[in-house]
Structures are given as structure tokens and as C-alpha cells.
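The values are calculated or read from the model by the stated rules, or taken from the named source; none is laboratory data. Note that the structure is predicted; figures quoted are calculated from it, not measured. Ideal geometry is used to build each Cβ from the backbone, glycine not excepted, and the neighbour counts take in all protein chains shown.
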Amino acid sequence: MSDQVLGNMMLWDGSAPRPSPVTIRVRNGRVVRVAPAIAGPVDVDFGGAVVTPGLVDAHLHLMLGGESCMRADLSAATGRADFEAVVAAAHEELPPDRWLVASGWNETRWPDGGLPDATWLACAGERPVVCWRCDWHAALVSPSVMAMLDLSSPPPGGQVVRGPGGAPTGLFLEAAAWKLINPLVPAIPEDERATALDAGMRHLLESGVTMARTMEYRADVERHYLPRLGDLPVKLSVVQLDRDLPLDLDWMSDVPRSDRFHVRSCKAFLDGTLGSRTARLHEPYADDPAARGMWVELALAGRDQEWLDAVLDAGCSPVMHAIGDAAVARALELQRRHPAMCTIEHAEVISRAELDAMEGARLSVQPTHRAEDAAMARDRLGGRAEGLLPLRSMQRRGAILSFGTDWPISPVDPVRTLRAAITGEDIQGRPFHADEALSPHDAFVAATIEAAATCGYARPLSAGAPCDLAVWDGDPFEDIHAATVQATIVDGTLVAGSLPTPQPHQRGTAP
Ligand SMILES: [Zn+2]
């Protein structure tokens with residue numbers, strides 16, 4: 001098979017802080033060599049565009065994200081009226097026997113920040129309704145759903161919220177949402193889920209994402225991923241979400257490992273989230289002095305070490321959800337047994353003690369959460385809000401950062417992630433501890449090279465690696481606000497967007 005030469009591009013591959021003119025020689029979709037540009041014809045002309053390795057999302061939920069493409073979306077609701085309008089519209093559309101499941105609400109986007117209650121769902125009548133908060137750590141349900149439940153003893157690590165008179169409001173937090181509500185919701189028909197997975201992967205490619213680490217249950221991996229290993233358009237590294245002890249990890253070794261799909265990790269939750277005031281903190285919440293958040297699941301049961309040992313002993317990689325500083329401290333302590341194999345997910349609230357213990361720790365973080373949560377964090381944390389994902393300090397103290405979005409918790413938009421990391425701005429574009437921003441080079445390292453390492457894959461664009469690229473319509477190293485991904489290349493082939501028109505005179509010249 002003859003080689004193909006991709007050229008007339010300014011490539012950033014992590015070897016220098018700025019892009020430089022190169023050609024990439026490709027054989028069967030894999031990189032043979034990246035070399036300085038020389039005059040001469042190329043097979044694929046990039047029109048002088050800035051090119052980076054394909055972007056990597058180190059933490060998302062692909063199946064859930066794909067499903068969210070097909071579900072009522074509350075993420076744009078800015079108050080009760082919007083919320084009710086979305087529920088009413090979905091109720092109109094659905095056949096009478098279906099549950100109405102929506103997601104994405106976030107009370108911090110509403111003027112009074114008040115939590116919703118079951119009266120907000122009245123327009124759906126008797127239909128069972130479940131509305132997940134954007135972080136999936138709280139669910140609002142209709143009276144028809146509550147009528148199916150025994151609410152006398154909520155599961156440990158969960159809360160059934162009650163009004164002043166003691167009656168449940170319809171809001172369920174943490175384990176109460178996962179263990180009481182989630183099992184009741186009828187599964188989406190499997191053929192619709194296959195369509196959702198396709199929609200999800202398509203969405204990734206259109207956003208410039210060519211590789212992702214996805215959190216999935218074993219049953220979904222077996223049903224939806226394994227039968228189609230040959231035609232997955234995105235490189236995937238799967239983290240198993242099943243976490244009940246004793247763990248069964250033997251099945252993973254039967255899954256063929258390749259450089260486009262593997263199952264190699266296992267996730268556990270140590271605490272909840274900042275928005276729900278369930279992230280476990282060293283000190284009480286600034287806006288609720290009685291609360292310090294909670295330990296959940298295995299951490300609550302004091303079995304997190306046992307879990308971690310079982311995962312490592314099986315040759316797998318432990319992945320720990322830790323958001324509050326106390327939970328991050330616990331995760332840092334646990335990962336010490338084998339830092340190279342462990343990752344800590346989110347690591348949002350960081351105090352000095354955690355910075356001191358961060359050398360060599362692999363942290364999978366979401367800069368967009370930092371931008372979105374800036375205002376809320378000031379309420380929750382008061383003066384400690386400056387410790388909300390302090391990227392630069394973390395990196396300086398030797399942490400290895402990789403970026404992700406946690407889609408569908410946040411949109412899968414790697415450009416937004418990079419903007420948040422490079423500018424340090426909040427979601428409205430206002431400065432938020434800008435001294436904790438990263439250089440464009442360091443941000444791209446976290447969004448490509450280290451995120452790929454967190455996935456357990458080779459360094460992007462190294463010899464033999466798949467030739468996956470993001471093509472930019474500006475120079476993100478010059479101005480991240482003026483550049484976005486205009487084309488995505490997978491295995492040397494254009495799969496989304498379009499390449500710029502070739503401009504022969506630009507070859508090999510820096511802008
Ligand atoms: Zn997640």
C-alpha cells in the first residue's frame with residue numbers, strides 16, 4: 001500500500017510550544033513519520049491551517065450522552081416557567097404509556113436559585129416524570145413516581161428532601177436518586193439506545209473529539225460496544241461503572257485490546273457534588289454551616305481501600321470520583337499504592353494540603369465545570385472558592401492533568417474546555433482567578449497527550465499511532481477565542497467538517 005503525504009499545515013504535536021510547518025506521512029491510516037515541511041506535492045493539502053492531534057475527552061458518559069441527544073433537555077431553563085414549558089412540550093409529544101424523563105436542570109441559573117418541587121411537574125398530570133439535575137446527583141419526580149416508593153428508610157448516602165410539614169417535596173439526592181428512582185425508570189428500548197450511541201459518536205467527531213474515556217456499565221459494553229468493535233468511529237477507553245463488592249473483573253480480559261477500544265478501568269465514588277452540597281469538605285459549607293457534604297457508597301462503608309486493592313490486583317486501573325477537598329485528600333492517599341495506575345476524577349476543591357500531596361498524581365479534570373461553577377462556588381465555599389480547580393498551582397505541584405467534559409453533565413465541547421483553561425474566565429467571560437490559567441501549550445498537552453495517556457493509549461502522532469487530527473480555522477495558540485475546530489481527521493481520512501481551500505503560496509511559511 002502506498003504512503004500518503006498530508007501537508008501544507010502548521011502542526012502542534014507537543015514537541016514545541018508553537019505550531020510549525022510539517023508534512024505527515026501516513027500508511028493505512030497510521031503515522032509513519034512527522035517531518036519538517038519540504039517543497040513538493042502533497043496528497044492532502046491543509047491550506048496552511050493550524051492542526052493539532054485529534055482532541056481527547058478523558059471523562060464522559062457516551063451512552064448517557066447519546067441518550068441525552070434524544071431526551072427532553074432542561075439545560076436552557078432559567079426558571080420555573082421555562083422548566084414547566086419543557087415538561088409540558090415533552091408531555092404533549094410522548095405516547096400516553098411512556099415515562100417522561102428529562103435532564104439538565106441547574107437551579108444556580110435561576111434568579112432565586114430555589115430548588116424545584118413536584119408542583120413544577122403538574123402539567124404532566126398522572127404521567128410518571130423524572131427530571132435529573134445537570135450533575136445527575138439529584139432527581140425531581142412527580143407524585144405518581146413517589147406513590148411507587150417506600151420512603152420510610154432512604155438508602156445510606158442519600159436524602160429524600162422534605163418540606164416544612166415533613167412531606168417529601170419530590171426531590172431525591174445522591175443514593176436516594178440512584179437507588180430509589182433510577183431502578184424504577186423503564187429502560188429505553190435497546191434499538192433506540194443503539195441509535196443513541198451512534199448519535200453520541202457522531203456528535204464527538206463533529207466537535208473534534210477522536211478519542212474518549214467513557215464511563216459505562218458492563219451490560220451496555222457487552223450489548224452495544226462489543227458487537228461493533230470493527231466499526232467504532234471514535235477510539236474508546238472504557239471505565240466500568242459497576243462497583244459493588246465483590247468485583248467481577250474477569251470479563252475484561254476476554255475483551256480484545258487494541259489501540260481503538262479497550263476496557264481497563266473501574267470507577268468508584270467517594271463523595272457527591274458541590275452543586276448538591278454533597279461534595280465532602282474538610283470544613284462546613286459557607287452557605288450551610290451544618291453541612292460538610294457526604295461520603296458515599298464504598299467510602300461511606302469504609303471499603304474504598306478494599307475496592308482499590310481488588311481493582312489493582314486484577315491488573316486494572318482504579319478511577320476515583322472525588323470533588324470536595326476531603327474526598328480529594330482521601331483519593332490522593334488511596335492512589336499512593338500505585339499512582340501510575342490510578343486517576344482521580346474532577347478534583348474540584350483543592351486546599352493547600354492536597355496541593356502538597358499532588359506530585360505525580362494523575363488528575364482528570366473539567367475546566368468547563370470550573371467556569372460554570374464559579375458563581376456557585378463563591379456561595380458554597382466563600383473564601384475557599386479560590387481553590388476551585390486551581391489548574392496552574394496543580395500543575396506546578398507536579399500533578400499530571402488531563403481534560404474532559406463529563407458529557408452530558410456539560411456539553412462535549414473541547415474548544416470551550418480549552419478556552420476555560422487558557423483564559424481562566426467564568427462562563428460569562430468574566431475573570432475568575434485568572435492567575436490559575438494555563439498556557440495554550442500546557443492546555444493542549446492536557447487535552448491531547450495526557451488525556452490519551454489517561455485513556456491508556458500511545459502518544460498522539462507518534463510513529464505507528466492512528467493519524468487522528470483536529471484542523472483549526474484560526475490559531476488557538478495565538479487567540480483561543482478566535483479559533484474553533486473546522487474539520488476532524490480519523491485514520492488519515494476526513495470524517496467531519498471540511499478542509500480549508502488549498503493556498504499553494506502558504507506552504508511552509510509561518511503566519
Ligand atoms: Zn462523570
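Structural remarks
- T454 being touching a helix residue (DSSP H, G or I) at 6+ places or on another chain (Cβ under 9 Å) and hydroxyl-bearing (S, T, Y): no
- Residue within the range 286-303 that is assigned by TED's automatic domain parsing to the domain that holds R378, closer than 11 Å to F269 by Cα and within 16 Å of the ligand (Cβ to nearest atom) present: yes
- Positions within the range 103-158 being of a type in the set (A, V, I, L, M), assigned to a loop (DSSP other than H, G, I, E, B) and within 16 Å of the ligand (Cβ to nearest atom), in sequence order: none
- If you filter the range 178-219 down to residues that are within 16 Å of the ligand (Cβ to nearest atom) and over 18 Å from the mean Cα position of the chain (by Cα), you find that the one that is nearest to R98 (Cα to Cα) is N182.
- Any chance P143 is free of Cβ contacts under 8 Å to residues at least 40 places away in the same chain, assigned by TED's automatic domain parsing to the domain that holds V86, in contact with a strand residue (DSSP E or B) (Cβ under 8 Å, 6 or more places away or on another chain) and not charged (D, E, K, R): yes
- Just one residue in the set R378, R370, R419, R392 is in a helix (DSSP H, G or I), charged (D, E, K, R), within 16 Å of the ligand (Cβ to nearest atom) and touching a helix residue (DSSP H, G or I) at 6+ places or on another chain (Cβ under 7 Å); that residue is R370.
- For the range 285-296, the criterion of being in contact with a Phe, Trp or Tyr (Cβ under 6 Å, 6 or more places away or on another chain), more than 17 Å from I323 (Cα to Cα) and in contact (Cβ under 8 Å) with a residue 24 or more places away in the chain is met by none of the residues.
- The number of residues in the range 257-295 that are touching a helix residue (DSSP H, G or I) at 6+ places or on another chain (Cβ under 7 Å) and surrounded by fewer than 16 Cβ atoms within 10 Å (Cβ to Cβ) comes to 1.
- Looking across the range 395-412, the residues that are more than 16 Å from the ligand (Cβ to nearest atom), closer than 19 Å to F444 by Cβ and in contact (Cβ under 8 Å) with a residue 40 or more places away in the chain come down to Q395, A399, I400, L401.
- Matching residues, the range 116-127, being under 26 Å from R378 (Cβ atoms) and surrounded by fewer than 17 Cβ atoms within 10 Å (Cβ to Cβ): D117
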